[in-house]
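Below is one structure, written out as structure tokens; the observations come after it.
The values are calculated or read from the model by the stated rules, or taken from the named source; none is laboratory data. The structure presented is a predicted model; accordingly, all values stated were derived computationally and were not measured. All Cβ positions, glycine included, derive from the backbone under ideal geometry; neighbour counts span all protein chains shown.
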């Protein structure tokens, strides 16, 4: 299935007493590029999340944002910095004696001084936290990929529609091309007759046939149109392929454009030249779409 490299997915859920939010967004990129923003102390999640996303996404610039609130039942130990409290009390007593002020220190007032308390939380169970985050990331990633697939189907329809338009123009070129040779022969004979008018010189038919043959070989585009059709057959097959095809499609588009340029350099007919321009225009629009296919 064709997938776009542009997408967005989000999931927010409460797991094991934590509120976990995961957001994923992606845009087109030549390779797989991943960046992740996780809460402080959760950097161990980054590589795991990268591998998790990369297992289902092969190309694109992926940005992930993870928010994790503390679990309601997370055990914590509050310790008193006794040496610091003693220092505070001693300093307050000195102020009281030096300035004749009442030393009205209380537990509440002392507890408000910086660094009196130190909070120690139990070590995080990294495996458990990873499992919880991945359970939420799974839903976000499913939504992200679903959006990519939806966009991919629209792109596929547009590309195949333009491919049919190009094939139709190619058929017109194949039909018109032999006529240009016949018209060239007619114009050549007319010019020779006008040149020889009034002269007792016969037309060298063999020479005329040779000139026409040279012209026909010069403007022949059958090989190019056959290869162009072959490229479009490959395009159709890749559109049904179940896997990343963006790079292969990009190569095929380059080959199509090369054949179109060759045809354009050969045709010497205004009508055909305009048709080649139409083909190149459609190929360019296909190329723009292919740039965003995974």
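A few points about this structure:
- Residue check: residue 87 meets all listed conditions (1) exposed (fewer than 12 other Cβ atoms within 10 Å of the Cβ); (2) modelled with pLDDT of 90 or more but one, namely (1).
- Listed by position, the strands (runs of 3 or more DSSP E) contained in the range 1-93 that have at least 3 residues being in contact with a helix residue (DSSP H, G or I) (Cβ under 7 Å, 6 or more places away or on another chain), touching a residue at least 24 places away in the same chain (Cβ under 8 Å) and within 30 Å of residue 243 (Cβ to Cβ) are 7-15, 18-27, 32-37, 60-68.
- Qualifying positions in the range 8-26 - modelled with pLDDT under 95 and within 25 Å of residue 159 (Cβ to Cβ): none
- Filtering the range 233-255 to residues that are under 18 Å from residue 169 (Cβ atoms), crowded, with 17+ Cβ neighbours inside 10 Å and in contact (Cβ under 8 Å) with a residue 40 or more places away in the chain leaves only 235.
- Inspection of the range 95-114 finds no residue satisfying the criterion of being touching a residue at least 40 places away in the same chain (Cβ under 8 Å) and not in a loop (DSSP other than H, G, I, E, B).
- Of the residues in the range 168-185, none is assigned to a loop (DSSP other than H, G, I, E, B) and either at pLDDT 85 or above or within 35 Å of the chain's Cα centre (by Cα) (or both).
- Residue count for the range 8-32, restricted to those that are closer than 17 Å to residue 42 by Cα and within 12 Å of the chain's Cα centre (by Cα): 0
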